[in-house]
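Engineer: For reference, the structure I am asking about is given below.
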Amino acid sequence: MAKRSARTAIQSTWLPDFFCHGAGMTDRLNPAPLKAAADWFILRFINFWIRYGFLNPINRTARHFGVTGYDSMFDFWRGNITFVAEPPEFTGIQLPRNHYFIGPLIPERSLHCRQRLQRFPGISL
């Protein structure tokens, strides 16, 4: 597995919990066994698509330069500290360790977020 970046900002749709529950595509399926089967197939398809369409070229490039590639898309998106750029109530997903909700990232001419970010462990700006 490749070395993680120090800090990463993502959205909840890049977390395993989102993909393991149908990636928002199966929310209205009933009965529960049908939804579970659809969730399983969707996760497998997304993993296949990401692995061969996205990670494969990245890992080929990593091998070319003699560095370690990524085992999964979740490894690619995960940093030592990962900021989830949305409010906690947006999806209700439980965050993994070292993940923190920071609210939406709205571009401004001058981004004054130093004080907000320094409250998280491991951040020194």
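The values are calculated or read from the model by the stated rules, or taken from the named source; none is laboratory data. Since the model is a prediction, treat every value here as computed from it, not as a measurement. We place every Cβ from the backbone using ideal geometry, glycine too, and count neighbours over all the protein chains shown.
Engineer: If a residue counts only when it is farther than 28 Å from I106 by Cβ and of a type in the set (K, R), which helices (runs of 4 or more DSSP H) contained entirely in the range 16-91 have at least 1 such residues?
Structural biologist: Helices (runs of 4 or more DSSP H) meeting the threshold: 32-50, 56-64.
Engineer: Picking from I46, I102, I50, which residue would you name as being under 30 Å from L117 (Cα atoms) and of a type in the set (V, I, T)? Please lay out each step first, then the result.
Structural biologist: Numbers: I46 fails: under 30 Å from L117 (Cα atoms); I50 fails: under 30 Å from L117 (Cα atoms).
That would be I102, the only listed residue that is under 30 Å from L117 (Cα atoms) and of a type in the set (V, I, T).
Engineer: Then there is this: Got a number for residues in the range 98-125 being part of a loop (DSSP other than H, G, I, E, B) and either at pLDDT 70 or above or of a type outside the set (A, V, I, L, M) (or both)?
Structural biologist: Of the residues in the range 98-125, 18 are part of a loop (DSSP other than H, G, I, E, B) and either at pLDDT 70 or above or of a type outside the set (A, V, I, L, M) (or both).
Engineer: Pull out all pairs, ordered by first then second residue, where Cβ-Cβ is under 8 Å, the residues are six or more apart or on different chains, the first lies in the range 60-72 and is on the phi > 0 side of the Ramachandran plot, and the second is at pLDDT 90 or above and loosely packed, with under 14 Cβ neighbours inside 10 Å.
Structural biologist: none
Engineer: Can you name the residue in the range 52-97 that is under 12 Å from the mean Cα position of the chain (by Cα) and among the polar types (S, T, N, Q) and is also modelled with the lowest pLDDT among such residues?
Structural biologist: S72
Engineer: I'd like the residue in the range 21-35 that is surrounded by 14 or more Cβ atoms within 10 Å (Cβ to Cβ) and not hydroxyl-bearing (S, T, Y) and, out of all such residues, is modelled with the highest pLDDT.
Structural biologist: Here the answer is K35.
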